[in-house]
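Only the coordinates and a few stated rules stand behind these numbers; no lab work does. For clarity, every value in this text was computed on a predicted model and none was experimentally measured. Glycine gets a Cβ as well: all are built from the backbone with ideal geometry, and neighbour counts include every protein chain shown.
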Amino acid sequence: MKLPKIQNIKLIGIILAIVLVFFFSILGFSGMMAALGIILLFTLPIYMILDNFGIDQDEKLVFSFFIGVGVFPSITYWIGFFISFRIAIFISFAILVIAAYLVTRYKNKNA
């Protein structure tokens, strides 16, 4: 089964809304926010990095989740030794987004 292309943003929005409503009905507001945080913090920056390579849509999504589960908490953990963990979460998200931007820029420059 192939996932819809990222250009079909309406379908992706509907699927995201259904997932958030599901987590809200089962776990309440905190469960919905946890699911949204996992989607935004774990998968999005790594997906932006993997988007530069010749990988199918569904592979990028699965790989970004599993790589994000390993990379994002590790960066946050080590930054959290020096500053507050709440600030470390935002800093590690910014580091991964900047890394995605640099990979995109480097890939476009060499292409």
## Note on the structure
Any aspartates and glutamates whose Cα falls less than 18 Å from that of residue 10, other than same-chain ones fewer than 8 residues away, would be 58
### Message
Spelling out what I want: for every residue of segment 41-52, take phi, set θ = phi - 60°, compute 6.51 cos²θ - 1.76 cosθ + 1.60 (Karplus), and round to whole Hz; glycine and proline get x.
### Response
7, 7, 8, 4, x, 5, 4, 5, 6, 6, 5, 7
### Message
Sorting check: for 91-99, 11-19, which peptide has the highest mean count of neighbouring beta carbons within 10 Å, and how do the rest follow?
### Response
91-99, 11-19
### Rough spin-label spacing in nm, given labels placed 7 Å along Cα→Cβ, for residue 30 and residue 103
3.3
### Options (1) 24, 23, 10; (2) 43, 11, 10; (3) 28, 19, 13 - which one matches semi-axes √(5λ) of the Cα gyration tensor in Å as calculated here
(1)
